[in-house]
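Participant: Here it is, the structure in full.
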Amino acid sequence: MTLVVAIVIIAVSLAVGVYVLEMANGPTSVDSKIGKPVSGSDISTLYRDSLQPYGPTPSAAMVLSVHSNGPAVLTVGNKPVVIYIGAEYCPYCAIQRWSLVMGLMRFGNFTGLSYMTSRPGDVGAGDYPTFTFAGSTYSSPYISFQPFEVDDRNGQTLTTVPANYSAPWTQAGSGFPFMNFANSYTVPGSMLANPQVLTGKNWTQVLTSITTSDSTGLQIRESANLITSIICKLTSGRPASVCTANPIASQTASLAGPKSGSMVAPPLQTPGQAKIMLPSNDNRRRIV
């Protein structure tokens, strides 16, 4: 009897050991979804959560991440253009995409979004659940959206930033993520300071955080509301159903306004220079 018990204990210990080793060195449960289309149910849940009530007013610290540039509004197709520059491996991009998708859903619709995770081991555990804009499309009667995922999850080049969009990004240090709202407002880096709030979570759990407005969900909602307010500034308050709601209206009113007039973005151009390699000590920038 004692021998049988001992054998069982050894077997259980070995099984636990193998499990721990796989967790430490092998793919995590979220990795199985990488590159697959986002399910209709997840899109529906995120869209539902993007609707009113919108939730908290963006914090003062978050608002400070927005730089008001003041030039005329940059348009594509006669609509203000939102430009996103990031990388699939980037942990700060991982958390920022949740808010960006949520904010943009208030003005239009996505198709072709895929699941993605940041690279393991970058800023804490890494492997944070997110999406990729590579291969996606966005349609809206109010704004244009042009995303550039520069590198994939392994740090390999996916695309390059066109020359006509690269100047503001380069001036801000060429960091990831970078959001440019029609050249009138830029956000160099993430509005959300800590991607580690996504540690150990899958997409369903992050969606639950947003739905229940726990501490992680509230941060994502705050950032989505700030993005919404900036866009409302550019669209002159359209649509009213979004831009007059709380806390969007008050936040929009507090933003410095762009100058009158507009300038049209030229056709996309191929950059004439190689990628800029950045210091590895800035985790919001390229980590190779």
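The values are calculated or read from the model by the stated rules, or taken from the named source; none is laboratory data. Just so you know, these numbers come straight off a predicted model, no measurement behind them. Every residue, glycine as well, gets a Cβ built from its backbone with ideal geometry; the counts of neighbours run over all protein chains shown.
Participant: Quick one: which helices (runs of 4 or more DSSP H) lie wholly within region 148-237 and hold at least 2 residues that are touching a residue at least 60 places away in the same chain (Cβ under 8 Å) and in contact with a helix residue (DSSP H, G or I) (Cβ under 8 Å, 6 or more places away or on another chain)?
Facilitator: So the answer is 203-212, 215-234.
Participant: Considering each residue of region 176-214, count those that are out of contact with any Phe, Trp or Tyr (no Cβ under 8 Å at 6 or more places or on another chain) and buried (at least 20 other Cβ atoms within 10 Å of the Cβ), and give that number.
Facilitator: 8
Participant: Within the bounds of region 41-49, is there any residue that is at pLDDT 70 or above and within 19 Å of Pro188 (Cβ to Cβ)?
Facilitator: no
Participant: Take the conditions closer than 23 Å to Gly126 by Cα, out of contact with any Phe, Trp or Tyr (no Cβ under 7 Å at 6 or more places or on another chain), modelled with pLDDT under 95 and part of a loop (DSSP other than H, G, I, E, B) and apply them to Pro71. Does it pass?
Facilitator: no
Participant: Quick one: in region 147-173, which of the residues that are touching a strand residue (DSSP E or B) at 6+ places or on another chain (Cβ under 9 Å) and aliphatic (A, V, I, L, M) is nearest to Val66 (Cα to Cα)?
Facilitator: Looking at the filtered set, the residue picked out is Ala172.
Participant: Something else now. Please tell me if Leu192 is of a type outside the set (Asp, Glu) and within 25 Å of Asp49 (Cβ to Cβ).
Facilitator: Here the answer is yes, as Leu192 does meet what is asked.
Participant: Now, a different point. Is there any pair with a first residue in region 246-257 that is on the phi < 0 side of the Ramachandran plot and without any contact (Cβ under 8 Å) to a residue 60 or more places away in the chain and a second that is surrounded by 13 or more Cβ atoms within 10 Å (Cβ to Cβ) and among the polar types (S, T, N, Q) whose Cβ atoms are under 6 Å apart and which are 6 or more apart or on different chains, and what are they?
Facilitator: Pairs that qualify, where the first residue is on the phi < 0 side of the Ramachandran plot and without any contact (Cβ under 8 Å) to a residue 60 or more places away in the chain and the partner is surrounded by 13 or more Cβ atoms within 10 Å (Cβ to Cβ) and among the polar types (S, T, N, Q), are Thr252/Ser229.
Participant: Here is a further query. Between Met116, Met102, which is buried (at least 21 other Cβ atoms within 10 Å of the Cβ), part of a strand (DSSP E or B) and either modelled with pLDDT of 95 or more or not aliphatic (A, V, I, L, M) (or both)?
Facilitator: None of the others qualify; the one that does is Met116.
Participant: Out of all the residues in region 47-60, is one or more in contact (Cβ under 8 Å) with a residue 40 or more places away in the chain, hydroxyl-bearing (Ser, Thr, Tyr) and in contact with a Leu (Cβ under 7 Å, 6 or more places away or on another chain)?
Facilitator: no
Participant: Consider region 28-40. How many of its residues are at pLDDT 95 or above and under 25 Å from Ala193 (Cα atoms)?
Facilitator: 1
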